[in-house]
1. Which value in nm describes the separation of the simple spin-label points at Thr279 and Asp120, placed 7 Å from the Cα toward the beta carbon?
2. Setting aside same-chain residues fewer than 8 positions from Lys259, which lysines have a Cα under 19 Å from its Cα?
3. Can you put Leu263, Leu186 in order, fewest other beta carbons within 10 Å first?
4. So what J values fall out for region 206-213 if you push phi through Karplus, 6.51 cos²θ - 1.76 cosθ + 1.60 with θ = phi - 60°, rounded to Hz, Gly and Pro as x?
5. Report the net charge of residues surrounding Gly167, where surrounding means a beta-carbon distance below 14 angstrom and charges are Lys +1, Arg +1, Asp -1, Glu -1.
6. Can you order the peptides 21-29, 108-116 by their average number of other Cβ atoms within 10 Å per residue, highest first?
7. Using the Karplus curve 6.51 cos²θ - 1.76 cosθ + 1.60 with θ = phi - 60°, what ³J(HN,Hα) values do you get for each residue of region 121-127, in whole Hz, with x for Gly and Pro?
8. Using modelled amide H (1.01 Å from N, peptide plane; none on Pro or chain starts), what sits under 5 Å from the amide H of Arg82, excluding residues fewer than 5 places away?
Amino acid sequence: LRRNPGEIEFHQAVREVLESVGPVLGKHPEYAESKIIERICEPERQIIFRVPWADDSGEVHINRGFRVEFNSALGPYKGGLRFHPSVYLGIVKFLGFEQIFKNSLTGLPIGGGKGGSDFDPKGRSEREVMRFCQSFMTELYRHIGEYTDVPAGDIGVGGREVGFLFGQYKRITNRFESGVITGKGLSYGGAQVRTEATGYGCAFFVEEMLRARGTSFDGKTVVVSGSGNVAVYAIEKVEQLGGRVVACSDSAGYVVDDKGIDLELLKQIKQVERGRLETYAARRGDHVAFVPGRSVWEVPCEVAMPSATQNEITGRDAAKMVETGCVAVGEGANMPTTPEGIKIFLEAGVAFGPGKAANAGGVATSALEMQQNASRDSWTFETTELRLREIMRDIHGRCVETADEYGMPGNYVAGANIDGFRRVADAMLSLGLI
Ligand code: NDP
C-alpha cells in the first residue's frame, strides 16, 4: 500500500488475488522463496506520457497517456487501451494486473498489460478523435510491437479508434505490422468474431455455469449493464441461447423493456448513430421507460451480466439481487462487483463467474487474431466462434477442477485466480530472477 499510494483499484485487485492464492503458497514454498508475489505485483515497466492535441476550434488540450507492461512471462504484453476521463495510474494498474491472470487462464501465449488515457471521447467529433489517436500513437509506437506489446480496445476504444491508432503506427514505422494491435477492421487484418468475442464469450461462460447446475438460459430473465461493445454482444448471444434480456444501461441511467431488448434498434442507436440509451426508450414505444441516474441492478433478474465498468455492483445491490432471485452472475466487465458484493454472492451460493474467467473471450480471440496475422490467414466466422466456445468451456472446466482441487467446489473466483496464478508463477520460476 505504501509503495503505491492512492491506487485504490489496484489495491483491490491485488488483495482479491492474494486472498485466493494463499493455499497455493502453502503447497509451493518455492514461490515464496523466490518472492514471486512481490515480483508479480510490480509491473515490469510503466510508461506515462503527454498527449497534446488540438480540437476543431484550434484550442490545445493536453491529456495523459499510460501503458503498463505488467508481466511478459507467458508472452508479449497483451491488453486493451481505455479512453475515459476517470483513467489514472491506479485504474491502468488494476486492469493490467487482472490481465496477467486472465491471459494465463486462456492457455494462450500472452503476457499482461494495459493502457489508456484520461481523454474523454464523448461529444468529440470524428476528426478530434482521430487527431487524439494519432498523437497518442506518436509516443506509444516506440514501446509496442508484435513481439513486445500488443494493445487492443477497451472502454472508449472500439474499431474506429483501433483503425486510427494502427494507421498512425503504420505511417510512422512504414511497416504493415498487423500483429501490433488487435481489434482491427476486417479489411486490414482484423479477425472474425473479435468484435463480438467478449460478450459472446461471457454468455458461453454463463451457459456453462448454468449447465453445471443442471439448467440453462432458456426462458431466464437477464439484466446486462452497459450498452457498449461487451453489453451489445452479450445481449445478442443470450437472446440466441434462449434468455430474455429485459434491461441495459449507460452512465446516465437504464431502460427496462419487458418485451426483451430490441437488439437491432439498440445497435442502430449505439453503433450507427453513436447516440444515447435515452433515445432507445423514446423510439421503442410506451412500454419502455428510461430511468435516469439510477443503477440497473435494482431491476430483478435471474442472471446478471455486469458489462459496463468496475465496482458497479455494491454489497447492497448484491443482497437485493440474491433476495429477488438472481442465481448466476457473469462479469463481462473487469471487476464490476465490489468485494462485499462478491462475498454475498458466494455465501448465497450464486454461480459467480469473475471477469478474469467470464470475459476472457475477448483477449482469447485477440490471440487468435495474432495467430491469423502471423500466418497471413483468415478464418471464417463459424470456425472462430467454435474456437471461442471451446476456449470458454476449457476455462470453465479449469476453474471447476482447480476449485475442487483446493477444496472450494463451485468457487470460480478461487479457481480462476489459482489456475491463472500457477501458470505465470511456474513460467517466472523457469525464467530465472528477472
Ligand atoms: P464501451 O466503451 O464499448 O462501453 C462501455 C459501456 O459502459 C457504455 O455503455 C458506458 O456508458 C458504460 N460505462 C462506462 N463507464 C461507466 C461508468 N463509469 N459508469 C457507468 N457506466 C459506464 O466499453 P466495452 O464494452 O469495451 O467495455 C466494458 C467493460 O468490459 C469494461 O470493464 C472493460 O474493461 C471490459 N472488457 C472489455 C473487453 C473488450 O473486448 N472490449 C474485454 C474484456 C473486458 P456511457 O456510454 O454512458 O459512458
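Every number in this text was worked out from the coordinates using simple rules, so none of it is lab data. This one's a predicted model, so the numbers in the text were calculated from it and none came from an experiment. Here the Cβ is made from the backbone with ideal geometry for all residues, glycine too, and neighbour counts use every protein chain on show.
1. Label-label distance for Thr279 and Asp120, simple model: 2.0 nm.
2. Lys220, Lys237, Lys267
3. So the residues, fewest neighbours to most, are Leu186, Leu263.
4. 5, 4, 5, 4, 5, 4, 4, 9
5. Summing Lys and Arg as +1 and Asp and Glu as -1 gives +4.
6. Highest-to-lowest ranking by the protection proxy: 108-116, 21-29.
7. Working through the residues one at a time gives x, 4, x, 8, 6, 4, 5 Hz.
8. For Arg82, whose amide H was placed from the backbone, the distant partners under 5 Å are Gly115, Gly116, Ser117.
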